[in-house]
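One structure is given here, and the rest of the page talks about it.
Just so you know, all these numbers are worked out from the coordinates, no wet-lab data involved. Everything quoted here is computed from the prediction, not taken from an experiment. Here the Cβ positions follow ideal geometry from the backbone for every residue, glycine too, while neighbour counts run over all protein chains shown.
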Amino acid sequence: MIEAETQQVLGRAKNAVQEYLIRKLLVPKIYLEAEWGGARVDVLAVDRAGVGDVHVVEIENYLSQPFRGYAGIPDERTIRELTQIPGHYKYVALATDSPECREFNPNAAVGLRVLAPDGVGRVGLLVVDFSGPNVLVEEKLKPERFRSSKEVINLADQFVAGHTANWEVRDEPTAAP
């Protein structure tokens, strides 16, 4: 797959994850390719119109690769880096065009690798399936809430105030009398 095609497919994966979060969250503000907490994240969502929990998603590219074995899925480096990024809920989205992804069921070893070092929080696993005519997102491992802090809340408030969301619910403007 050439670079331009890969970029298009990964862009579609970000859009599919965005749609997943729109359905899952209550009135989120969603940002694509956000600079967040000193890192670049593929998808960032702040729930409840920008004042709720922070959801961070990193997308791993498994396009044009066999989706067998699952031993190294998701990448341990991605998990380690993701647990350091501020946020309440964190996900790795596995973008794949292999029909085998439908049978992916994380085993206990994967479940342990995606836990926060102190056990409070677990990285969720999503599969972004390009093997059919429509892009599908399936939650394979539900995330668990990471610890919150005043810093995460302040960072979210500053970010929402200073950035335009890729997707948000907007009120209809009122007509001037």
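What to note about this one:
- Segments 39-46, 96-103 sorted - mean Cβ within 10 Å per residue, highest first: 39-46, 96-103
- Charge-dipole axis of the chain as Lys and Arg at +1 and Asp and Glu at -1 on Cβ define it, positive-most pick from Pro133, Val152, Trp167: Val152
- The packing ranking, built from the mean of other Cβ atoms within 10 Å per residue, places the peptides 140-149, 122-131 in the order 122-131, 140-149, highest first.
- Residues in the stretch 45-51 carry Karplus couplings, in order, of 10, 10, 5, 6, 6, x, 10 Hz; the curve used is 6.51 cos²θ - 1.76 cosθ + 1.60 with θ = phi - 60°, and Gly or Pro positions show x.
- With Cα atoms, 0 to 90° folded angle of helix 150-162 axis to the chain main axis: 70 degrees
- Selection among Pro66, Asn107, Pro28 by position relative to the dipole of the chain gives Asn107 as farthest towards the positive end (Cβ unit charges, Cα centre).
- Helix 3-24 axis, angle to the chain major axis (alpha carbon atoms, nearest 10°): 60 degrees
- Rounded, prolate or oblate (a/c below 1.5 giving rounded, otherwise prolate when a/b exceeds b/c) for the chain by Cα gyration tensor: oblate
- Net length gained if the chain between Leu112 and Gln65 were fully extended (0.36 nm per residue, minus Cα distance): 14.4 nm
- Amide H to amide H distances under 5 Å link Glu33 with Val43, Leu44, where only residues 5 or more positions off or on other chains count and H is placed in the peptide plane.
- DSSP assigns beta bridges within the stretch 3-162; of those with both partners inside it, close to 60 percent run antiparallel.
- Phi to ³J(HN,Hα) by Karplus 6.51 cos²θ - 1.76 cosθ + 1.60 over the stretch 95-106, Hz, x for Gly, Pro: 7, 8, 10, 8, x, 5, 5, 5, 8, 5, 10, x
- Assigned charges on the beta-carbon of Lys, Arg, Asp, Glu; the chain dipole about Cα centre (debye): 460 debye
- Cut-off 13 Å between beta-carbons: net charge of the residues surrounding His55, Lys and Arg +1, Asp and Glu -1: +1
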